[in-house]
1. Gap in Å between the Cα centre of the stretch 19-35 and the Cα centre of the stretch 218-273?
2. Take each of the peptides 72-85, 229-242, average the number of other beta-carbon atoms within 10 Å over its residues, and list them starting from the highest.
3. For the chain, what is the mean residue ellipticity at 222 nm derived from helices alone (per DSSP H run of n ≥ 4: -39500 (n - 2.57); sum divided by total residues; nearest 500 deg cm²/dmol)?
4. Relative to the longest principal axis of the C-alpha atoms of the chain, give the angle of the C-alpha long axis of helix 23-40, reported between 0 and 90° and rounded to the nearest 10°.
5. Normalised by the residues of the stretch 144-295, what does the relative contact order come to in percent, with Cα pairs under 8 Å and at least six apart?
6. Could you tell me which of rounded, prolate or oblate describes the stretch 241-300, using a ≥ b ≥ c as the square roots of the eigenvalues of the alpha-carbon gyration tensor, with rounded for a/c under 1.5 and, failing that, prolate when a/b is larger than b/c and oblate otherwise?
7. On C-alpha positions alone, give me the angle between the axis of helix 144-157 and the longest principal axis of the chain, in degrees, nearest 10.
8. Just need the Rg to Rh number for the stretch 144-295, please, alpha carbons only, Kirkwood Rh.
Ligand code: CP
């Protein structure tokens, strides 16, 4: 825990996405996350690191894990926490996002955590506020804190990812988790493979330096880690496959299909899970999965991100 007494500085001043981040910043976040994870294991679970700092959580899309784990991380750091509920706010009377955010900032808040369905919405906050901005998911663009907690979970089991193959399975085209994971895993030297039906993999995505396969059996055989993504029906504009039952038959991860995998394959799922669609119960609750470890690491890594970025409060944009 000693290494969180001195605040090392991140090169980033806000966290809008993993794209463009450097490996040193990710390493510092992971190192700090490990220290905060130890604190979560103590009876008190709390430190005074953000005492006097006020954080507002603005969620314009549904969330369980991200919203609660940010709130928990803020409280564990002793920050003052305000939760903004879009559905009961004056946005419903026609106020703009920027006016809303500027009014909240006028009440002396220091950091804004926002989830929004519009890709790039956080840039509007960046351009109009002095607060530190953290992206909790923007449309199908990025979900940087999810990628960081996924990376932390993988790093705990596989400390050297160089040359290891991590496969993202399923609805890649609608997934902000996939985009952020690709950038984070590549910074750590992993081979990133995408696998799913052709309708759910963006054309030309190989330009990002990823491998693409439409052969699930092959992907299961050659992967060290599989991160299974939810079918995001709320983002689909037309049918991408005939039925959920068919999707499950072809692309759902079952113990039977995993019998061809390496003995120590690691299974992640960012949640929320659709059991019986992209993942079977016996995998979701099985020996290879680290799904609830991801959730715990979400609190520790969000504590680290809030703590490290708080160095910029009142300062540099
Ligand atoms: N993984 C994730 O973002 O979950 P929530 O939508 O519940 O926050």
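1. Taking the Cα centre of each part, the stretch 218-273 and the stretch 19-35 sit 28 Å apart.
2. By packing density, highest mean first, the sequence is 72-85, 229-242.
3. The helix contribution divided over the chain gives -11000 deg cm²/dmol.
4. Helix 23-40 and the main axis of the chain meet at about 80 degrees.
5. 25
6. In terms of gyration-tensor shape, oblate.
7. Taking the Cα atoms of the chain, the angle to 144-157 is about 60 degrees.
8. Using only Cα positions, Rg/Rh for the stretch 144-295 is 0.92.
Any read-out appearing in this document is the output of simple, stated calculations on the displayed coordinates, not a laboratory observation. Not measured: the values here are computed from a predicted model. Because the Cβ atoms are built from the backbone with ideal geometry, glycine has one as well, and the counts that use them run over all protein chains shown.
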